[in-house]
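S.K.: Mind looking over this structure? Questions follow.
The values are calculated or read from the model by the stated rules, or taken from the named source; none is laboratory data. Here the structure is a predicted model, which means the values were calculated and not measured. Backbone-built Cβ (ideal geometry, glycine too); neighbour counts: all protein chains shown. Accessible surface is based on the protein model in full, side chains and every heavy atom, while ligands, DNA and RNA are left aside. Shrake-Rupley method; radii C 1.70, N 1.55, O 1.52, S 1.80 Å.
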Amino acid sequence: MPTIALVLAAGLGKRMKSALPKVLHPILGDPSLLWVLRALPEEVRHAVVVVHHGREQVEAALASWAAAGLLPCPATTVDQGEPLGTGHAVARAIPELDRLGAERVVILCGDVPLIRRETVAALTRAEASVLAMDLDDPAGYGRVVEADGALRAIVEHKDASEAVRAIRRVNGGAYALPWAPLREALGRLTNANAQGEYYLTDAVVDVASRVRVAVDLCEPAEMMGMNSRVDQAALQRFAQERVNRAWMEAGVTFLDPAATLVGPRVELGQDVLLAPGARLEGAVAVGAGSQVGQGCVITDSTLAEGVEVRPYCVINLSQVGPGAMLGPFAHLREGTVLDRGVHMGNFVETKKTHMHEGSKANHLSYLGDCEVGERTNIGAGLITCNYDGVNKHRTVIGKDVFVGSDCQLVAPITLGDGCLIGAGSTLTQDVPADAIALTRAPLTVREGGASRLRARLKAIKQGMKR
């Protein structure tokens with residue numbers, strides 16, 4: 001039976017007080033809407049996202065996720081127009097759902113990011129079902145009235161009597177319903193209620209009067225919505241605890257789980273160690289036995305086995321080979337590739353640079369648009385001068401090269417295998433293999449010159465005072 005997911009993502013989110021659409025606010029680095037779409041099981045063949053506020057931003061995000069292969073199924077959008085309630089949002093999607101040949105519709109909210117894939121899969125397999133949760137304080141939620149495990153009514157808090165408000169079982173806002181009766185129910189909706197809105201819950205109850213709609217329970221955290229920055233922080237804590245616990249059970253050490261953030265797309269090998277303050281977001285993979293030090297930020301990068309990342313390194317869009325050693329305070333920018341056993345020390349920055357096996361840059365250097373050969377040693381203070389104000393140029397350093405401290409290599413330039421570059425040199429042309437190259441002004445020494453200079457400066461100063 002063709003199952004289509006309908007994700008409600010049109011809300012402004014006034015309490016977020018943000019120019020960013022509510023569904024694009026992140027949890028552990030990934031937007032809320034992406035969490036929801038990623039929870040869709042294989043039974044769902046297409047997702048329809050209802051948008052309005054920030055439509056262009058949401059559609060651009062969907063396109064980028066699809067291009068990156070992050071979506072489990074194709075997704076299209078429908079503009080709700082003036083928001084008149086959740087029932088109105090679903091009704092606006094009728095033509096698209098008809099076009100897709102929907103027979104069953106799974107309805108989810110784009111600002112409820114922590115619903116599990118297993119929960120959505122169980123919901124999808126039911127002929128008709130609504131997710132509910134039991135809360136100690138159900139204030140503000142629609143109450144679920146049921147009999148023999150089947151739905152009888154959903155009463156919004158503002159419309160509920162005192163007796164109904166005493167019910168602790170509340171509507172989670174996720175549904176799986178046969179499309180034909182739901183479509184008919186949407187045509188019968190009215191806005192005769194305290195808020196003057198078209199409630200989706202009224203349509204769900206209408207369906208329940210014709211088809212048995214089961215009431216399934218889930219954990220409250222799965223149905224927690226993101227309506228404010230306070231909610232966002234709470235959701236991040238729940239997600240952080242869930243993700244970190246799963247990795248600890250898989251053999252990863254967290255020295256302080258509460259102070260370590262690992263995103264939902266991160267992959268960690270056995271015996272990885274993460275120190276407090278480490279933050280791993282996006283598509284990150286860390287190989288077995290690697291260590292990530294305190295305060296490190298790693299995004300969309302791959303670290304092989306046995307890598308040591310010392311404290312306060314920043315790594316983005318980079319690849320680090322087995323046994324490499326980084327930091328502290330190293331900065332790997334986009335396009336950096338470090339092969340096996342590379343050492344990169346404190347305050348070294350790289351961008352679009354490939355350092356081959358066994359090469360080292362241990363101190364205070366910038367390597368941009370650069371290739372460094374095997375076993376080459378980069379001295380402290382090296383700068384590859386790769387930008388002439390208009391274009392970027394490449395530096396190629398061969399294998400077994402020794403580059404002394406405080407050198408500038410003005411690209412484009414090539415240093416041949418095995419050459420030696422003297423400290424303090426500024427090179428503007430290629431150096432052949434096995435050559436020695438250095439550029440230094442001759443040393444000038446004037447004996448007694450310091451005293452004479454001080455006396456002259458003193459006389460000038462006294463003359464100015466007169």
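S.K.: With N denoting the number of residues in segment 294-353, provide Rg(C-alpha) divided by 2.2 N^0.38 Å, to two decimal places. Provide the component values of the computation, followed by the final result.
M.R.: Values: Rg = 9.6 Å, N = 60, 2.2 N^0.38 = 10.4 Å.
Computed over Cα atoms of segment 294-353, the ratio equals 0.93.
S.K.: Then there's this: Hey, if you drop one equal point scatterer on each alpha-carbon of segment 404-466 and run the Debye formula without solvent, what base-10 log of I(q)/I(0) do you get at q = 0.12, 0.15 Å⁻¹?
M.R.: Log10 of I(q)/I(0), two decimals: -0.53, -0.60.
S.K.: Leaving out ligands, DNA and RNA, what percent of the accessible area of the chain is carbon and sulfur, probe 1.4 Å? Write down the numbers at each step before the final one.
M.R.: Values: 11350 of 21680 Å².
The value for the chain is 52 percent carbon and sulfur by accessible area.
S.K.: Hey, another quick one. So, in Å, what gap is there between the alpha-carbon centers of segment 84-146 and segment 159-226?
M.R.: What the calculation gives is 8 Å, centre to centre.
S.K.: Separate question: What value in Å³ per residue do you get for the convex hull of the alpha-carbon atoms in the chain? Spell out each step's value before the answer.
M.R.: Values: hull volume 110.2 nm³, N = 466.
Per-residue hull volume (Cα only) is 236 Å³.
S.K.: Could you work out Rg/(2.2 N^0.38 Å) for segment 171-261, with Rg from alpha carbons only?
M.R.: Working: Rg = 19.5 Å, N = 91, 2.2 N^0.38 = 12.2 Å.
My calculation over the Cα atoms of segment 171-261 gives 1.60.
S.K.: In µm²/s, what is D for segment 234-368 at 37 °C and 0.692 mPa s, where D = kT/(6 pi eta Rh) by Stokes-Einstein and Rh is the Kirkwood radius from Cα pairs? The partial results should precede the final answer.
M.R.: On the way: Rh = 14.4 Å.
Rounded to a whole number, D works out at 228 µm²/s.
S.K.: Rounded to the nearest 10 Å², what accessible area does Y312 have for a 1.4 Å probe in the complete protein model?
M.R.: 100 Å²
S.K.: Let me ask something else. If you bin every alpha carbon distance in segment 65-118 into 10 Å steps from zero, what whole percent lands in each bin?
M.R.: It works out to 17, 46, 35, 2, in whole percents.
S.K.: Please work out how much length the chain gains when fully extended from R394 to L438, using 0.36 nm per residue of separation minus the C-alpha to C-alpha distance, in nm with one decimal.
M.R.: 13.8 nm
S.K.: Also: Taking Cα pairs under 8 Å and at least six residues apart, what relative contact order does segment 237-393 come out at, in percent? Walk me through the intermediate numbers first.
M.R.: Working: 495 pairs, mean separation 17.2, N = 157.
Once normalised by length, the contact order is 11 percent.
S.K.: For segment 17-175, compute the orientation-averaged projected area of the C-alpha convex hull (one quarter of its surface), in nm².
M.R.: Working: hull surface 43.2 nm².
Its Cα hull, projected and averaged over all orientations, spans 10.8 nm².
S.K.: Which listed residue (T119, C296, A192) has the Cα farthest towards the positive end of the charge dipole for the chain, taking +1 on Lys and Arg C-beta and -1 on Asp and Glu C-beta about the Cα centre?
M.R.: Result: C296, furthest along the dipole toward the positive end.
S.K.: What's log10 of I(q)/I(0) for segment 1-102 at q = 0.18, 0.20 Å⁻¹, Debye sum over Cα points only, no solvent?
M.R.: Each listed q maps to, in turn, -0.85, -1.05.
S.K.: Next question, about the same structure. When the solvent-accessible surface of protein heavy atoms is calculated with a 1.4 angstrom probe, in what order do K158, K392, K17, K360 fall, highest first?
M.R.: Details: K158 135, K392 110, K17 165, K360 80 Å².
Accessible-area ranking of K158, K392, K17, K360, largest first: K17, K158, K392, K360.
S.K.: Under the 0.36 nm per residue contour assumption, what length would be gained going from the current alpha-carbon distance of D136 and V211 to full extension? Spell out each step's value before the answer.
M.R.: Working: separation 75, 0.36 × 75 = 27.00 nm, distance 3.00 nm.
Result: 24.0 nm gained on full extension.
S.K.: Report the gain in length on full extension from E334 to A122: 0.36 nm times residue separation, minus Cα-Cα distance, nm rounded to one decimal. Before the final figure, lay out each step's value.
M.R.: Values: separation 212, 0.36 × 212 = 76.32 nm, distance 4.07 nm.
In short, 72.3 nm is gained.
S.K.: I would also like to ask the following. Please tell me the relative contact order of the chain in percent, rounded to the nearest whole number, where contacts are Cα pairs under 8 Å and at least six residues apart. Could you put the intermediate results ahead of the total?
M.R.: On the way: 1198 pairs, mean separation 37.1, N = 466.
Once divided by the residue count of the chain, the mean separation gives 8 percent.
S.K.: Restricting things to alpha carbons, find the Rg to Rh ratio for segment 242-308 using the Kirkwood radius for Rh.
M.R.: On the way: Rg = 10.1 Å, Rh = 11.2 Å.
Ratio of gyration radius to Kirkwood radius: 0.90.
S.K.: Might you report the magnitude of the Cβ-based charge dipole of the chain about its Cα centre, with Lys and Arg at +1 and Asp and Glu at -1, to the nearest 20 debye?
M.R.: Working: 48 positive and 52 negative charges, 511 e Å.
Here the chain has a charge dipole of around 2460 debye.
S.K.: Determine the per residue accessible area of the chain with all protein chains present and a 1.4 angstrom probe, expressed in square angstrom. Spell out each step's value before the answer.
M.R.: Values: 21680 Å² over 466 residues.
With the other protein chains kept in place, the chain gives 47 Å² per residue.
S.K.: Give the ranking of C385, C73 by solvent-accessible surface, highest area first, calculated with a 1.4 Å probe.
M.R.: Largest to smallest exposure gives the sequence C385, C73.
S.K.: Still on this model: State, in angstrom, two size descriptors of segment 336-444 derived from its alpha carbons: Rg to one decimal place and Dmax to the nearest whole number.
M.R.: My reading of the Cα-based Rg and Dmax gives 12.8, 45 Å.
S.K.: Quick one: accessible surface of T350, probe radius 1.4 Å, all protein chains present, in square angstrom to the nearest 10.
M.R.: So the heavy atoms of T350 present about 0 Å² to solvent.
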